[in-house]
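The values are calculated or read from the model by the stated rules, or taken from the named source; none is laboratory data. Predicted model only: the values in this text are computed from it and were never measured. Cβ sites come from the backbone with ideal geometry, for glycine too, and all protein chains shown count toward neighbours. With ligands, DNA and RNA removed, areas are computed over all heavy atoms of the protein, side chains included. Shrake-Rupley method; radii C 1.70, N 1.55, O 1.52, S 1.80 Å.
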Amino acid sequence: MKRLFFLVATAATLGASCDWREFDLEDTAPVVLLNPSQGVRGGFGRSVVGTSDGTRSMVLVGGAPGGSEAAVYSIGKEQSPSADASPGAYCSPTNRASVDPCVTADRSAAIPMDNASRQRDICFAYGWGTAKNGQGAGLIVRCQDSSDIPLRVADGVVKARDRRFNMNGEHQPLFIAGETVGDLAEAYSLVAALPKQQTAWYYPPPVRLSTVPVPLQLPGDAKRPTSFGSQVAVLRLGKPDTSARLMAVAAPVEGQVWFFRSGADAAGRDVTPVGCFGSRQGFGRTLATGRVNADEFDDLVIAENGVVTVFSGAALDQLPEAFTAECSLSGLPSNAVIASFTCGSRLALSGCEESEFGASLAVGDLDGDGDGEVLVGAPGMKVFGESEAGSVLVYDAEGNAPHALTDVLYISSAEARDRLGHSVTAVRQKKSQKESRDVVVAGAPGNGKTAVFLCSALLPEKALVGRCAP
């Protein structure tokens, strides 16, 4: 039986009319469903993270954190994604030792690293475990050549007597984030956190097996919020060859996002606390980074209950060192806010009140113009009246109405409780020798689906070919 998908395409201006186009999944659909990997349990698509090295475009798809494998898919080139997982499961029973469990993270990260052959490779930091090459336990990074690299973790996370992950018999959330810009030749960094321990730590670039993590310490005698580490992000500040990074660690129960700057200061510290943003409860429930505007700084996207705000990385770079625990938005640098969004609905979509707007976030350059669009997951949205079918809302964040909803992405054959948008990522896909742009991958774990959206209303007319043709 054929499954039909609609791409709802709308012009970037609010006044433009809507264009409904029907596609057949078998041949030319602009939306492709990935085939679930057998080992990804507890909701295929609970987490997604993508990356590209200019030739390969890959996405890691996970299931229930702590108790499932993850699988990698090739998104391919020129609208030709592979629907089947690549060989080699992540966190599979064959990859772990009996004395140390393999635990997938709630949020994983992509990072270029030197693999076992000392070649720079696409790798994913995806959880805790023991490297199959016997190099020990740690934060596990696995590369495309199937080599595992265990990274050291912050003091207090590892038990001295057996080096196990300190789970106390239950799943402990683990969040990992990496940089989202650059290419395979550049030096990347990572940040990780365990919210149950209110602990976060940073891996300065370039990340290697020998890299020593730097704990992220609050200023002065500040008391750690109970939800510290519930989300993490890392921003590159300036040109690709810069060593400066800004780490963001969220405490959404308290409505706080704490910032830490890398680079040795006059006192010889590797990381310096540089302030805290505070707002209503829920502020920082989700974080994402990427270049939303055209400058050379990563920008930071922060979700709270019903609102998503984009903060300029160039402005955040001006934050001074913090000496107190004060958290507010009153001291924002000039021009710090690029745009702010609330939920919007169009045509087949409804139910903003129950949408869970901001459940996931990503930044992607969907039209290939050099700056990014903000992707906001709304897994509770209704689609064609189906409750919690879910969608991804796209905001261009520029022009005279940077807050305006630009595009909506959803599965037209959506089923109730698909929950599309529970997770979302942008993956760079090469279209030609001189042209590339990002495509969207979104998880719908309610019914075990993950969708690749190859087209967008933002595409210029010359790009409306192949699967994206009207």
Tally up the residues in the stretch 59-90 that are touching a helix residue (DSSP H, G or I) at 6+ places or on another chain (Cβ under 8 Å) and of a type outside the set (Gly, Ala, Ser), please. 2
Got a number for residues in the stretch 369-384 being under 24 Å from GLY50 (Cβ atoms), open to solvent by 40 Å² or more (accessible area, probe 1.4 Å) and either part of a strand (DSSP E or B) or touching a residue at least 12 places away in the same chain (Cβ under 8 Å) (or both)? 1
Within the stretch 385-392, identify whether any single residue is open to solvent by 20 Å² or more (accessible area, probe 1.4 Å) and of a type in the set (Asp, Glu), and answer yes or no. yes
Which members of the stretch 62-91 meet the condition of being at pLDDT below 75 and either closer than 24 Å to HIS422 by Cα or of a type in the set (A, V, I, L, M) (or both)? GLN79
For a quick check of your reading of the model, give me the residue pairs whose first member lies in the stretch 443-470 and is assigned to a helix (DSSP H, G or I), whose second is among the acidic types (Asp, Glu) and open to solvent by less than 10 Å² (accessible area, probe 1.4 Å), with beta-carbon atoms closer than 7 Å and at least 6 apart or on different chains. GLY446/ASP418; ASN447/ASP418
Those residues of the stretch 151-207 which are at pLDDT 85 or above, in a loop (DSSP other than H, G, I, E, B) and within 19 Å of THR286 (Cβ to Cβ), in sequence order: PRO173, LEU174, GLU179, GLN198
If you check PRO460 against the conditions, is it within 16 Å of ASP365 (Cα to Cα) and open to solvent by 20 Å² or more (accessible area, probe 1.4 Å)? yes
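Filter the stretch 287-313 down to the residues that are free of Cβ contacts under 8 Å to residues at least 60 places away in the same chain and hydrophobic (A, V, I, L, M, F, W, C), then identify the one that is nearest to ALA110 (Cα to Cα).
Of the stretch 287-313, the ones free of Cβ contacts under 8 Å to residues at least 60 places away in the same chain are 295-296, 302, 304-307, 309, 311-312.
Narrowing further to those that are hydrophobic (A, V, I, L, M, F, W, C): 302, 307, 311.
On the way: ILE302: 20, VAL307: 27, PHE311: 23 Å.
Top of the filtered list is ILE302.
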Failed condition for LEU405, given (1) open to solvent by less than 10 Å² (accessible area, probe 1.4 Å); (2) touching a Phe, Trp or Tyr at 6+ places or on another chain (Cβ under 8 Å): (1)
Which of the following residues is among the hydrophobic types (A, V, I, L, M, F, W, C), in a loop (DSSP other than H, G, I, E, B), touching a strand residue (DSSP E or B) at 6+ places or on another chain (Cβ under 7 Å) and buried (at least 24 other Cβ atoms within 10 Å of the Cβ): VAL49, VAL61, VAL40? VAL40
Close pairs (6 angstrom Cβ cut-off, 6 or more residues apart or separate chains): in contact (Cβ under 8 Å) with a residue 40 or more places away in the chain and in a loop (DSSP other than H, G, I, E, B) in the stretch 390-408, β-branched (Val, Ile, Thr) and open to solvent by less than 10 Å² (accessible area, probe 1.4 Å) anywhere: ASP396/THR406; ALA397/VAL292; ALA397/VAL310; ALA397/VAL374
Looking only at the stretch 1-44, how many residues end up being farther than 26 Å from LEU459 by Cα and at pLDDT 50 or above? 10
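Kindly indicate whether any position in the stretch 418-433 is in contact (Cβ under 8 Å) with a residue 24 or more places away in the chain, on the phi > 0 side of the Ramachandran plot and open to solvent by 20 Å² or more (accessible area, probe 1.4 Å). Spell out the reasoning first.
So the first thing to find is which residues in the stretch 418-433 are in contact (Cβ under 8 Å) with a residue 24 or more places away in the chain, and the list is 418-432.
Applying the additional criterion that residues be on the phi > 0 side of the Ramachandran plot yields 419, 421.
Filter once more, keeping what is open to solvent by 20 Å² or more (accessible area, probe 1.4 Å): 419.
Yes, the stretch 418-433 contains at least one residue that is in contact (Cβ under 8 Å) with a residue 24 or more places away in the chain, on the phi > 0 side of the Ramachandran plot and open to solvent by 20 Å² or more (accessible area, probe 1.4 Å).
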Can you work out which of the residues in the stretch 354-368 that are farther than 17 Å from VAL48 by Cβ and part of a loop (DSSP other than H, G, I, E, B) is nearest to the chain's Cα centre (by Cα)? ASP365
In this structure, does ALA414 turn out to be in a loop (DSSP other than H, G, I, E, B), open to solvent by less than 20 Å² (accessible area, probe 1.4 Å), over 17 Å from PRO81 (Cα atoms) and of a type in the set (Gly, Ala, Ser)? yes
Of the residues in the stretch 434-457, those that are open to solvent by 20 Å² or more (accessible area, probe 1.4 Å) and over 26 Å from GLY43 (Cβ atoms) number 4
